[in-house]
Amino acid sequence: MTEEPALLTIADLLFNGNQDPGHPAIESPGYEPMTFRDLREQIRAVVKTLNAQGYRPDDRIAVVMPEGPAAAVMIIAAMAGFTTIPLDARSTSQELGILFSHLGITAVVVQEDFATPARQAAVRRNIRVIGLVPGTKKAGMFRLEPASSHETGDVVFSGPSDIATLVMTSGTTALPKVIPYTQRMMAENAYRNLRIFRYAAGDRSLQILPCHHLFGLTAILYPLFAGVTIICTRDFIPPDFLPLVRATRSNCYGAVPALHQAIHGELKKVPPESLREIPLRFIVTGSSCLSDTVRQELE
């Protein structure tokens with residue numbers, strides 16, 4: 001691995017990486033797997049559809065969706081061509097309205113079968129709403145509404161200096177400060193992640209973090225660059241952890257310290273010998289410091 005990344009955008013990472021096109025990229029209980037070939041087709045379809053509607057890399061597109069494979073893929077696909085800001089679907093209309101104005105949002109993507117105040121907040125500010133209709137067969141497949149009848153020409157992906165996403169600080173003293181992350185920054189971080197974790201062929205990462213946090217988003221994007229299969233959960237709660245790891249054969253996951261502690265509490269409820277079959281190879285922690293006690297006992 002060279003110090004200077006050869007791939008400088010999210011589209012580069014996912015279209016020109018070494019992923020096996022036929023290998024599962026996204027899985028989710030109740031769905032057929034989405035392969036890396038499927039993922040590339042879905043990303044291209046999203047960017048091409050939005051390009052045909054007039055959107056370009058400097059447009060800021062918010063995604064307000066429930067957690068799951070469709071949300072994960074939509075966010076990554078939109079980031080390949082635009083500045084994409086995932087927002088918490090549990091936010092109120094007032095909270096979303098403030099963020100839409102503060103961030104200069106151009107369009108808002110919402111899931112058609114999901115009740116959210118994001119629609120009303122966007123309409124009140126004359127922001128266009130784009131509907132997403134999830135597929136029922138493969139994990140992460142969907143279509144956007146309204147579909148454009150003018151989807152011609154080449155797909156316009158973002159360049160290295162374009163902004164991929166905006167990260168907001170906690171905003172404890174005023175409105176949150178906005179920190180831009182360029183495509184190049186995301187690509188460089190993906191290379192760094194690959195060097196640190198040394199993903200192996202066949203690794204399967206259990207995704208239990210919300211995508212509207214940067215840590216949750218990168219916990220999907222960076223392993224995908226390495227060809228890892230992501231297992232997307234919906235409505236995750238800590239008691240689901242062991243059944244999910246067993247059922248999905250996941251061997252890694254990422255979480256914030258509070259979630260690690262809750263998972264540790266669940267592990268302590270079962271006989272130690274029953275954990276020997278668990279295939280976990282490593283775990284990732286972030287956002288704040290994990291206590292030495294929880295780290296050591298999880299290990």
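Observations on the structure shown:
- Unique residue being polar (S, T, N, Q), more than 17 Å from Ala45 (Cα to Cα), at pLDDT below 95 and more than 20 Å from the chain's Cα centre (by Cα) when the list is Thr152, Thr169, Thr173, Thr136: Thr173
- Strands (runs of 3 or more DSSP E) within the range 100-167 that include 2 or more residues touching a strand residue (DSSP E or B) at 6+ places or on another chain (Cβ under 8 Å) and open to solvent by 10 Å² or more (accessible area, probe 1.4 Å): 128-134, 142-145
- When the range 36-75 is filtered for residues that are under 22 Å from Arg184 (Cα atoms), more than 17 Å from the chain's Cα centre (by Cα) and not in a helix (DSSP H, G or I), the ones remaining, listed by number, are Tyr55, Arg56, Pro57, Asp58, Asp59.
- Subset tally (residues that are free of Cβ contacts under 8 Å to residues at least 40 places away in the same chain and over 25 Å from Arg234 (Cβ atoms)) for the range 83-107: 4
- The set of residues in the range 70-86 that are open to solvent by less than 10 Å² (accessible area, probe 1.4 Å) and of a type outside the set (Val, Ile, Thr) comprises Ala71, Ala72, Met74, Ala77, Ala78, Met79, Ala80, Gly81, Phe82.
- Residue pairs whose Cβ atoms lie under 8 Å apart, sitting 6 or more positions apart in sequence or on different chains, and linking a residue in the range 183-195 that is crowded, with 19+ Cβ neighbours inside 10 Å to a partner that is assigned to a helix (DSSP H, G or I) and charged (D, E, K, R), are Ala187/Asp12.
The values are calculated or read from the model by the stated rules, or taken from the named source; none is laboratory data. Keep in mind the model is a prediction, meaning the values are calculated, not measured. Virtual Cβ from ideal backbone geometry, glycine too; neighbours counted across all protein chains shown. To get the accessible areas, we keep the full protein, side chains included, count just its heavy atoms, and leave off ligands, DNA and RNA. Shrake-Rupley method; radii C 1.70, N 1.55, O 1.52, S 1.80 Å.
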